[in-house]
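The block underneath contains the structure these notes are about, expressed in structure tokens.
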Amino acid sequence: MAIAVLASLAAGVCFAVAGVLQQWAAAARPDSEALRVRLLGQLVRDRRWLCGIGLAVVAYGFQSLALAFGPLSLVQPLIVTELVFAVPLSARLHRMRLGRREWWGTGAVAAGLALALASARPHGGDPAAAGPVSWALATGGVVATACAALAAAARLTGPWRASATALAAGAVMGAQSVLLAATVDELRHGLLAALTAWQTYALVAASVWGLLLIQSAFQQGPLAASMTVMDATEPAVAVIVGTVLFGESLRTGWPLSAVTLAGLVLVAAGIVRLDTSPVIAALHRRAG
């Protein structure tokens with residue numbers, strides 16, 4: 001268990017630094033490249049961005065190590081502590097100081113996520129249980145959510161714009177997690193089964209689209225406005241879609257449901273607190 005805790009925290013730190021480096025590189029790109037494949041083409045030439053991607057790979061390694069020694073219900077809440085490292089590090093990079101409001105917002109999102117994940121504790125489920133109609137409905141719901149978020153982002157400015165794009169990114173990456181589970185399940189039947197399954201190619205498409213959305217969110221605003229929303233949306237979508245498609249179970253009943261709800265409310269309050277912060281707005285202007 002000690003190895004799981006230490007590996008989870010190491011993953012959180014690596015994810016934090018990876019996010020800061022990627023956002024630093026993406027923020028330097030012109031607005032005209034947002035949501036365009038050209039953005040990724042330019043970022044792959046940036047050493048900061050490549051270092052960020054490399055650190056993200058290392059973080060996934062630590063996450064895998066943690067899951068080998070501890071349950072998901074322990075690992076996932078610890079990994080979301082990346083926010084506590086990433087937001088202050090980003091502010092420091094731009095020579096800004098966070099005040100009580102910003103610390104409260106960051107802590108609220110991280111604590112709320114950890115609380116909701118630990119109390120709901122999704123488990124079980126069978127990827128083979130999902131039929132074509134269920135997949136179509138789930139995919140349509142995720143695409144509709146992402147498109148609605150992007151439509152809202154087009155009408156917003158500053159940190160709110162970055163948060164809206166991050167919402168789209170989180171929705172797509174949440175679906176990507178579900179597609180990954182389905183692809184891994186196909187691999188158990190052999191490589192040929194995975195290569196002939198449509199989920200494998202949907203996984204690739206979702207990964208590319210999600211990466212573009214993430215970098216666009218990083219480009220459009222400060223890390224506090226994008227990473228917090230992505231970290232909240234991705235597990236929420238993954239849990240909802242996993243429950244609908246695979247029949248995963250959530251811990252419910254009093255007081256667990258109340259604790260989960262309280263965690264989600266805390267997340268929402270923290271995001272609003274950050275997006276309306278004058279310091280975060282100033283950070284956005286300085287980064288741009």
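Things worth noting here:
- Within the stretch 274-288, if we keep just the residues that are at pLDDT 85 or above and surrounded by 21 or more Cβ atoms within 10 Å (Cβ to Cβ), the residue that is farthest from the chain's Cα centre (by Cα) turns out to be S277.
- Matching residues in the stretch 162-179 - criterion: being of a type outside the set (G, A, S) and at pLDDT below 95: M173, Q176, V178, L179
- Test: residue in the stretch 236-249 that is under 20 Å from A86 (Cβ atoms) and out of contact with any Asp or Glu (no Cβ under 9 Å at 6 or more places or on another chain): yes
- Residues that are surrounded by fewer than 19 Cβ atoms within 10 Å (Cβ to Cβ) and among the small types (G, A, S) were ranked within the stretch 182-215; the one that is nearest to the chain's Cα centre (by Cα) is S207.
- Residues located in the stretch 69-106, provided they are small (G, A, S), closer than 19 Å to A11 by Cβ and surrounded by fewer than 18 Cβ atoms within 10 Å (Cβ to Cβ): S73
- Qualifying residue in the stretch 240-259 (condition: at pLDDT 85 or above, in contact with a Ser or Thr (Cβ under 9 Å, 6 or more places away or on another chain) and either farther than 22 Å from Q176 by Cα or outside any helix (DSSP H, G or I) (or both)): yes
- First in the stretch 250-278 and farther than 19 Å from V237 by Cβ, second anywhere and of a type in the set (D, E), Cβ under 7 Å, 6 or more apart: L274/E102; S277/E102
The values are calculated or read from the model by the stated rules, or taken from the named source; none is laboratory data. This one's a predicted model, so the numbers in the text were calculated from it and none came from an experiment. Cβ: placed from backbone, ideal geometry, glycine included. Neighbour counts: every protein chain shown.
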